[in-house]
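Nothing in this text is a laboratory measurement; each read-out follows from the coordinates by a stated rule. What you see is a predicted model; the values in this text were computed from it and never measured. Positions of Cβ are generated from backbone atoms using ideal geometry, with glycine treated the same way; all protein chains shown enter the neighbour counts.
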C-alpha cells in the first residue's frame, strides 16, 4: 500500500513541487536574462543597481508587483477579469507534467539512497526500478505531444477572456489579434511536429527521445525543415518578437493586458515566459535529442556522457531561449497582413509538404 | 533565383543576427555616472575658482576689475580698497553668480594674474538660488567636490 502511495503520489508530488519552484525561479531570471541581453545588444548595461549586476532585480520586480494596488476597472466583467490570468498561467505550467527533463532512470540512485533510510532493501529496489518514480519527468503519457498541443491551446482562452473582460478597446483588439495569430500558427506548428512523429512513431516525449538515442541521431538532422518551422511557429505562439502583434506597444498600448496591473499582470507575464520555456523544452525533446549529448553517434566524444542528461537538457533549453531573446533584439515587428500571409501561405503549405515528403520517404524506403 | 534562395535560407535574418551577436559582447557605452566619473575634455570649463599664490597663500587677484568689466552677464562683483600705506588696491570681496554664468571663459582669459580660473568641476547644483552666488571664501576653496562614496547612490 505504502509502496503504491510512494510511487504514484508522494514522489510525483515532490517532483511537481520541485519543478514548479525551479520553473518560477527560471521565469523570473529569464526576464533578467532578456533585459541584460537586449541591453548588451544595444551596447547598454541593463539593470545594475539591485544586487551585483542586477542579479536581485527579478525579486525586486516580483515584490513590486505584489505590493501594487489591485485594480479592477469599473466597467470590466470582474469575475472573468479575475480568472483570465490564471487561465493563461495554469496551462503554461501544466505542460511541464510531460516534459522529459532526464532519462527514465535519472533518479534511481537518489531514490535508492534516500529510501534505504526508511524502507527495507527489496521495497527500495522495486520503487527505484519503477520508471514512474525514478524518471526525470512527472509522468510519461503515451499521448504527450497531443497533451502539450491541447493544453497549451487553452492558454489562448486566458488571453481572449482577459482582453474581452477588460471592456476596453485596445485589450479587445489585442486579444482578437492574438487569437487569430495563435489559431493560425497552431496549425503549422502541429504539422511541423507531425514530421517528427512520423519518424519517431510515437507520441510520448520520452519515447521520442529514446528513439533518437536508439537511432543515434537528433531529429533536427532528420527533419531540419520541421525544426525551423517549429521554431518560427513557436515564436508566433508565444507572442514573441517578431510576432508580438497582440501586445504591440506602439499600436495597442499593451495589448490584451493593458488594463491589468500588479499581481494579475505579473501572472500574464509569468505565463508568457513560461510558454517560452515550454516551447523551448518541447523543441529540445522533439528535435534536439532531449537529454542526449551532442552527436550521440560519435564514440570518441564519450567524455560528454559524464555530464548528466538533465544538464544537457537544460543547457539546450537555455540555448533556445537565448535565440528567442536574440531574435527579439534583432528583428522588427511584422505587419498583421504579413503575419497572416506567412502563416497561411508559406508556413502551412511548407509544413504540409514536409509531412507528405516524410511520409512518402518512410513508405518507400522503410 | 538568388533572391529566392536568400529568402528561403533567411540569409538577411542570419546576417542581422550575426551583427547583433557581435554587438552583444562589445564594450558598453553606458557611463554609470555617480559611481563612475565621466571623462571630460581638457578644455571643459566648469565651476570658477579664485586662485591663491601657492607659496604665500595670498590671493593672486589684484582687484583690477577686468573680469567684471568683460563678463557678458555682469555677474562678477569685485570689491576693493586702497591700502593707505602702499597705495595698492586690495581685494575685499569677490562674488561670482554661478546661476547666471554661461561658462564662456572670458574672465579667465582676461585675468592678468590667472587669479580667476574655470575648473573642470561640474557638480555645482544647489538647493536654492541664493547659494548659487559664490562668495570669495567659496571661490577660493575651489574644487569642492562632494564625494558621496559608492554606497550613497545605491
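Based solely on its DSSP helices, what 222 nm [θ] is calculated for chain B when runs of n ≥ 4 H residues each add -39,500 (n - 2.57) and the sum is averaged over all residues, nearest 500 deg cm²/dmol?
Rounded to the nearest 500, it is -6000 deg cm²/dmol.
What spacing in nm lies between the two simple spin-label points modelled at residue A:125 and residue A:301, each 7 Å away from Cα in the Cβ direction?
3.7
Determine the principal axes of the Cα atoms in the range B:1-72, then give the extent along each, sorted from largest to smallest and rounded to whole angstroms.
83, 29, 18
Using a Gaussian network model of chain A with C-alpha springs under 10 Å, which one of A:25, A:234, A:163 is most mobile by mean-square fluctuation?
Of A:25, A:234, A:163, the most mobile in the Gaussian network model is A:25.
In angstroms, what radius of gyration and Dmax does chain A have, counting Cα atoms only?
Final numbers for Rg and Dmax: 21.7, 67 Å.
Looking at the square roots a ≥ b ≥ c of the eigenvalues of the Cα gyration tensor of the range A:272-340, which shape do they give, rounded for a/c under 1.5, prolate if a/b is larger than b/c, or oblate?
Prolate is the answer for the range A:272-340, as a/c is 1.5 or above and a/b outweighs b/c.
Would you order B:1, A:48, A:182 from fewest to most other beta-carbon atoms within 10 Å of each residue's own beta-carbon?
Details: B:1 5, A:48 17, A:182 23.
So the residues, fewest neighbours to most, are B:1, A:48, A:182.
Could you give the distance between the Cα centres of the range A:98-112 and the range B:28-72, to the whole Å?
Cα centroid to Cα centroid, the span is 70 Å.
Compactness ratio of the range A:1-144: Cα Rg over 2.2 N^0.38 Å, N = residue count?
Here the answer is 1.45, to two decimals.
According to the square roots a ≥ b ≥ c of the eigenvalues of the Cα gyration tensor, what is the shape class of the range A:35-115, taking rounded for a/c under 1.5, prolate for a/b larger than b/c otherwise, and oblate for the remainder?
Working: a/c = 2.37, a/b = 1.23, b/c = 1.93.
Since a/c reaches 1.5 but b/c is at least a/b, the shape of the range A:35-115 is classed as oblate.
Express in whole angstrom the spacing between the alpha-carbon centres of the range A:1-71 and the range A:190-230.
Rounded to whole Å, the Cα centres lie 30 Å apart.
Counting only other chains, what is the mean number of Cβ atoms within 10 angstrom of the Cβ of each residue in peptide A:204-212?
0
Set the Förster radius R0 to 51 Å, insert the Cβ-Cβ distance between residue B:130 and residue A:29 as r into 1/(1 + (r/R0)^6), and round the FRET efficiency to 0.05.
Given R0 = 51 Å and the Cβ-Cβ separation, E is 0.55.
Which one, A:269, A:118, A:256, has the greatest fluctuation when you compute a Gaussian network model over chain A with C-alpha springs under 10 angstrom?
It is A:118.
Counting only helical runs of four or more DSSP H residues, what would the 222 nm mean residue ellipticity of chain A come to if each run contributes -39,500 (n - 2.57) and the total is spread over all its residues?
Rounded to the nearest 500, it is -21500 deg cm²/dmol.
Bin all alpha-carbon pair distances of the range A:148-306 at 10 Å intervals from 0 and give each bin's fraction as a whole percent.
Each 10 Å bin holds this share of Cα pairs: 11, 35, 26, 17, 9, 2, 0.
Bin width 10 Å, origin at 0, all Cα-Cα pairs of the range B:48-143: what percent of pairs per bin?
The calculated distribution, bin by bin, is 16, 51, 28, 5, 0.
Quick one: Cα centre-to-centre distance for the range A:128-144 and the range A:289-318, in angstrom?
If we compute the Cα centre of each part, the gap is 20 Å.
For the range A:64-220, what class follows from the C-alpha gyration tensor (a ≥ b ≥ c being the square roots of its eigenvalues): rounded when a/c is under 1.5, otherwise prolate if a/b is larger than b/c, else oblate?
Verdict is oblate for the range A:64-220.
Given springs between every Cα pair under 10 Å in a Gaussian network model of chain B, which of B:109, B:36, B:73 has the largest fluctuation?
Largest GNM mean-square fluctuation: B:36.
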